[in-house]
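Colleague: Here it is: the structure, laid out below.
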Amino acid sequence: MEKRAKFLSRFEICERMLRLEPKLAVFKGNVCFFSCHGTIYQYTWGNKKVTKAHLFRKGMNNPICLFELKDLCGFQDGIIYGEYWANPNGEEVNIYQMLNGQWIEKYSFPKGAITHIHGFAKDTLHDRLLILTGDFDEGSGIWEARDDFTYVRPLLVGKQQYRSCVAFACETGILYATDTPLEENAIYFFEYKNQILHKLQSLPGPCIYGREYIDKGGCKQYLFATSVEPDSRISGLKYLLTYKLGKGVKDRKTHVLAGNALDGFTEIMALSKDWLPMGLFQFGNIQFPDAPELVCVPQAVKKYAGKTFRIFG
């Protein structure tokens with residue numbers, strides 16, 4: 001990180017406004033790869049050395065996720081990310097993978113096809129990787145990739161109803177939550193057998209983050225967190241400073257729901273957004289690190305922002 005940014009990151013208000021904090025991390029042995037302010041850095045335990053590993057394209061600060069692609073038939077193991085930036089000119093959008101210490105382009109969505117990439121989900125049952133994209137209707141959806149990205153096709157594409165940042169490939173279908181400030185959000189389940197999309201439950205806001213976990217009974221459960229964000233139809237400086245919520249955002253709280261497709265979902269937590277504008281000083285949100293314990297890190301909320309704590313107990 002440049003000296004000026006490093007200095008400004010000492011002040012929370014500057015760190016939030018300029019997006020200077022580390023956002024994502026993947027651990028591989030004694031090496032940690034993390035994303036911060038337009039760069040992927042590599043930190044090695046032992047020598048405690050931090051080096052620049054990869055620069056994102058111009059205009060891109062961080063991806064929504066760094067994804068460890070591992071043990072999926074037909075794919076090479078390695079960390080991947082999808083390009084995520086405003087993309088005002090409808091440029092091509094790429095997926096990169098780290099192989100043998102080098103970051104290489106693995107797949108490219110053509111110009112005008114999508115705005116950017118939100119995330120990925122591994123589907124081991126069908127030997128495929130799910131790619132989640134946004135943001136306009138025709139470019140929002142869930143795609144499948146097979147055979148090391150040589151085959152990519154749309155599964156559910158063309159509506160805000162398919163716009164998602166977090167999804168899970170289950171035995172009988174795909175569980176996902178929508179991420180749109182433009183209309184009501186919900187948790188959906190796409191059933192493989194009958195090719196039917198089931199709306200499981202409405203959400204009080206868009207969902208960017210979630211995770212799978214195993215409960216005390218040994219059953220898979222899922223967490224979804226909603227975000228507090230502005231009306232995306234507002235542009236420019238007004239978007240950065242507005243307090244007007246998006247149509248799909250029901251209140252000024254970030255909510256966490258836990259459950260599964262069979263039993264439904266229950267709200268287990270709700271934290272209030274702080275007073276700072278959402279666009280300039282980040283959405284109210286809750287992230288779930290991929291850690292052995294079930295923990296969360298709230299963002300831009302009252303009292304708990306930037307703190308890590310256990311969700312249950």
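The values are calculated or read from the model by the stated rules, or taken from the named source; none is laboratory data. Here the structure is a predicted model, which means the values were calculated and not measured. When we count neighbours, we look across all protein chains shown, and the Cβ atoms used for this are built from the backbone with ideal geometry, even at glycine. These area figures cover heavy atoms from the full protein model, side chains too; ligands, DNA and RNA do not enter into them. Shrake-Rupley method; radii C 1.70, N 1.55, O 1.52, S 1.80 Å.
Colleague: Multiplying the sequence separation of Ser235 and Leu99 by 0.36 nm and subtracting their Cα-Cα distance, what value in nm do you get?
Modeller: Net length gain for the segment: 45.1 nm.
Colleague: Net charge near Asn62, counting Lys/Arg +1 and Asp/Glu -1 over other residues with Cβ under 9 Å of its Cβ?
Modeller: +2
Colleague: Next question. For the chain, with a Gaussian network of springs between Cα atoms less than 10 Å apart, report the residue from Gly134, Gly210, Gly78 with the top mean-square fluctuation.
Modeller: Evaluated over the chain, the most mobile residue of the options is Gly78.
Colleague: Here is a further query. With the crude spin-label approximation of a point 7 Å out along Cα→Cβ, what separation in nm comes out for Lys52 versus Tyr243?
Modeller: Result for the modelled spin labels: 4.0 nm.
Colleague: Would you give the gap between the C-alpha center of segment 92-129 and the C-alpha center of segment 249-307, rounded to a whole Å?
Modeller: Computed from Cα coordinates, the inter-centre distance equals 27 Å.
Colleague: Right, something else. Under 20 Å from the 7 Å Cα→Cβ point of Glu138, by amide nitrogen: which residues of segment 87-116?
Modeller: Hits in segment 87-116 for Glu138 at 20 Å: 87-94, 108-116.
Colleague: Could you work out the local net charge near Trp143, counting Lys and Arg as +1, Asp and Glu as -1, over the other residues with Cβ closer than 11 Å to its Cβ?
Modeller: Net charge in that neighbourhood comes out at +2.
Colleague: Ignoring GluC sites (Glu not before Pro) that are buried or in helix or strand per DSSP, and keeping those with at most 15 other beta carbon atoms within 10 Å, what is the longest stretch of the chain between them?
Modeller: 184-292
Colleague: How much FRET efficiency would the formula 1/(1 + (r/R0)^6) give for Lys199 and Gln76, where r is the Cβ-Cβ distance and R0 is 51 Å, rounded to 0.05? Before the final figure, lay out each step's value.
Modeller: Values: r = 36 Å, r/R0 = 0.71.
That pair, Lys199 with Gln76, gives E of 0.90.
Colleague: Hey, got the dipole for the chain? About the Cα centre, +1 on K and R Cβ, -1 on D and E Cβ, debye to the nearest 20? Write down the numbers at each step before the final one.
Modeller: Working: 39 positive and 34 negative charges, 255 e Å.
So the dipole magnitude of the chain works out to roughly 1220 debye.
Colleague: Accessible area, 1.4 Å probe, largest first: how do Met98, Met17, Met278 sort?
Modeller: Working: Met98 25, Met17 75, Met278 5 Å².
Largest accessible area first, the list is Met17, Met98, Met278.
Colleague: Further question: Could you compute the net charge surrounding Ile131? Neighbours are other residues with a C-beta less than 15 Å from the C-beta of Ile131; K and R count +1, D and E count -1.
Modeller: Every neighbour counted, the sum reads -4.
Colleague: Tell me, in nm to one decimal, what length is gained between Ser272 and Ile214 on full extension, where the rule is 0.36 nm per residue of separation less the Cα-Cα distance? Present the calculation step by step, with values, prior to reporting the outcome.
Modeller: Numbers: separation 58, 0.36 × 58 = 20.88 nm, distance 2.74 nm.
Separation in residues times 0.36 nm, less the Cα-Cα distance, equals 18.1 nm.
Colleague: I'd like the distance separating the alpha-carbon centroids of segment 155-221 and segment 28-85, in whole Å.
Modeller: 26 Å
Colleague: Taking a quarter of the surface of the Cα convex hull of segment 1-80, what do you get in nm²?
Modeller: 6.4 nm²
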